[in-house]
Amino acid sequence: MRQRFPLSDHCDGRRFFNPGSNRSTRGLMQVLRWRLRGGRVAWPAEVFDPVAAPPPRAVDPGSVAITFINHASFLIRLPDGVVLTDPIFSERCSPVSWAGPRRVRRPGLALADLPRPDVVLLSHNHYDHMDFPTLRALQARHAPQFVTMLGNARELAGLGIVATELDWWQAISVGPLRITATPARHFSARTPFDRNRALWGGFMLGGAAGTVLFAGDSAAGPHWGEIRARLGAPDVALLPIGAYEPRWFMAAVHMNPMEAVQAHLALGAVRSVGTHFGTFQLTDEAIDAPLHGLQEACREFEVDRFGTLGFGETAVFELGGHRPDGVDRLCRSENGVNRGEDR
């Protein structure tokens, strides 16, 4: 029996959809058209990054330490708790270990070196965001609390994981940390038969000192302004900037860097950090295209507080609307990215 969900502006009771958009889905013919047209820029087979300093074991009150691990995986250390987002440490983001997109660089922080997270956030069920081998390892090693979107708990239960499901705008408290599910424009599927049977979204983390938004995976849309109106402008927003070409096919599910900067402005974020790039080649653009595109967009919109972190790099930000020294560095120094050496 198919699981049923509350009726809403993004659910008909059985399937989820993006409000105000065409509910038609991109089918096999569109996928074949994309892949057969060519145009994919080759990525290096492997990229080696210098070893980064380990993340701090504690932060001062009113601060957050954010470590970029890879793709959409971040370690977020707040005074109120430690949060891990969309963790993937596997060699491939795929239902099988022998095929599918293969990583071109090691995680910036090894799974064995990961401090115990209090909470693991899972934004949606795509293989590059909900990686079962990684989740099994985290459950066995740390047994953290898992928080995800509607429709995902049943599959996670098969891994021995008890997860809390949230609909958009629902919230849960984990100790002093408040976690609110936020909208995104995307889709879900793990097989050809379960498309949009689970929800997608992001999470606003709220503590005594301030807020951090992990946006998950999203296309452009009016939801950024709605998040600001309902929850306030985040102190730090983690926004996706990669996997966006070709636009005729990807614009419905992924932002390009220009749209990410527009999202930063719509959110009113004090500063933003780019995600979802440089790890797995999922689309056609070059490995460094998101970085150059972000630099160009920041110049065009005169934004100096949106950059990226190197793989394994940690940035410590003040919360509560303050602008610490070093924020501009994220935009000036090649967007802050430690690009390593292509091999």
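Every read-out reported here was derived from the displayed coordinates using simple, explicitly stated rules and does not represent laboratory data. Just so you know, these numbers come straight off a predicted model, no measurement behind them. Note that we place each Cβ from the backbone using ideal geometry, even for glycine, and neighbour counts take in every protein chain shown.
So for segment 156-253, Kirkwood radius off the Cα pairs, Stokes-Einstein at 4 °C and 1.567 mPa s: how many µm² s⁻¹?
Estimated diffusion coefficient is 87 µm²/s.
May I ask you to derive the FRET efficiency for GLN3 and ALA286 from their Cβ-Cβ distance with R0 = 45 Å, giving the value to the nearest 0.05? Before the final figure, lay out the partial values.
Working: r = 40 Å, r/R0 = 0.90.
My answer for the efficiency is 0.65.
Cα-Cα pairs above 18 Å in segment 214-258: how many percent?
In whole percent, the long-distance tail amounts to 31.
Mind giving me the nanometre distance, one decimal, between the label points for VAL96 and ALA171, set 7 Å out from Cα along Cα→Cβ?
4.6 nm
Just the Kirkwood number for segment 93-220, please: inverse of mean 1/r across all distinct Cα pairs, in Å, one decimal.
15.5 Å
Does segment 1-140 come out rounded, prolate or oblate, given a ≥ b ≥ c as the square roots of the eigenvalues of its C-alpha gyration tensor, rounded meaning a/c under 1.5 and, failing that, prolate meaning a/b above b/c?
Cα axes put segment 1-140 in the oblate bin.
Over all directions, average the projected area of the Cα convex hull of the chain and note it in nm².
Taking a quarter of the hull surface, the average projection is 16.3 nm².
Got the relative contact order for segment 137-239 handy, in percent, Cα pairs under 8 Å and 6 or more residues apart?
20 percent
Around PRO61, with a cut-off of 13 angstrom between Cβ atoms, what is the net charge of the other residues, counting Lys and Arg +1 and Asp and Glu -1?
-2
Need one number: nm distance between label points at ASP113 and VAL51, each 7 Å from Cα along Cα→Cβ, rounded to one decimal.
Taking the two extended label points, one gets 0.7 nm.
Strictly greater than 17 Å: what percent of every Cα pair in segment 65-132 meets that?
40 percent
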